[in-house]
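Report on the structure given below.
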Amino acid sequence: MPSDIPSSISSTLLERIKAHRPEAWQRLVDLFGPVVYRWCRQSGVGPEDSADLTQEVFRAVATHVSSFRRRGEGDSFGAWLGAITHNKVRDHFRRRHHLGEARGGTHAQRQLQQIPEPADFCEEGSRLDHDGTLSRRALQLVRDEFENRTWEAFHQTAVAGRKPVDVADELGMSLQAVYKAKSRVLQRLRQEFGDLLGQ
């Protein structure tokens, strides 16, 4: 996500999720589903079980999202989601151990100890989105809300890091229109995803 998004903002998407609006849930799953799945895989869970655990994580989110609150700077939705994922992964390995799928006590104990702590999943925004996947997905989810020139002005300045004056020249826009386009898209990203991305 562009670095000039402020750290303390509200999210209309989070409010719609808390209101259990279907389109908001779909957006949440589209945005965070791949992240949760990746966390499960990084914890040593197989592909099919990771898909099942991802569903379990989102069921837990649905059950408890109304109690999620940002009380401090470190209280991000991503950290909360990481904690839920961590617990579901630990439960998964405990179930496997009790069902006899995992070998012996020492092996099972080692597996449980190798599960990353919730803070390891997303103690920083960059870790939550270490490869930019989350940011790219967020951008894709709002892309269709903007005209092509507005989007291109935003993308060239905020994402590609080009000088606004060069972008204005290339797109046949005034410099003020380029700044306004960038501002509109950033405002929409803040509004829709701010709390969820931990920004």
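The values are calculated or read from the model by the stated rules, or taken from the named source; none is laboratory data. What you see is a predicted model, and the numbers here were worked out from it, not measured in a lab. FYI the Cβ positions are ideal-geometry reconstructions off the backbone, even for glycines, and counts take in every protein chain you see.
A few remarks follow.
- Selection of first residues in the range 149-167 that are touching a residue at least 40 places away in the same chain (Cβ under 8 Å) and of second residues that are surrounded by 18 or more Cβ atoms within 10 Å (Cβ to Cβ) and not small (Gly, Ala, Ser), restricted to Cβ pairs under 6 Å at least 6 apart or on distinct chains, gives the following pairs, ordered by first then second residue: 158/182.
- Residue in the range 56-63 that is modelled with pLDDT under 85, buried (at least 16 other Cβ atoms within 10 Å of the Cβ) and under 17 Å from residue 24 (Cβ atoms) present: no
- Single condition residue 14 does not satisfy, out of (1) touching an Asp or Glu at 6+ places or on another chain (Cβ under 7 Å); (2) at pLDDT 90 or above; (3) within 30 Å of residue 160 (Cβ to Cβ): (2)
- Residues that are basic (Lys, Arg) and over 29 Å from residue 75 (Cα atoms), drawn from the range 144-199: 149, 162, 163, 180
- Residues that are in contact with a helix residue (DSSP H, G or I) (Cβ under 9 Å, 6 or more places away or on another chain) and either farther than 18 Å from residue 194 by Cβ or at pLDDT 95 or above (or both), drawn from the range 155-168: 155, 156, 157, 160, 162, 163, 164, 165, 166, 167, 168
- If you go through the range 30-55 and keep only what is modelled with pLDDT of 90 or more and in contact with a Phe, Trp or Tyr (Cβ under 6 Å, 6 or more places away or on another chain), you end up with 50, 54.
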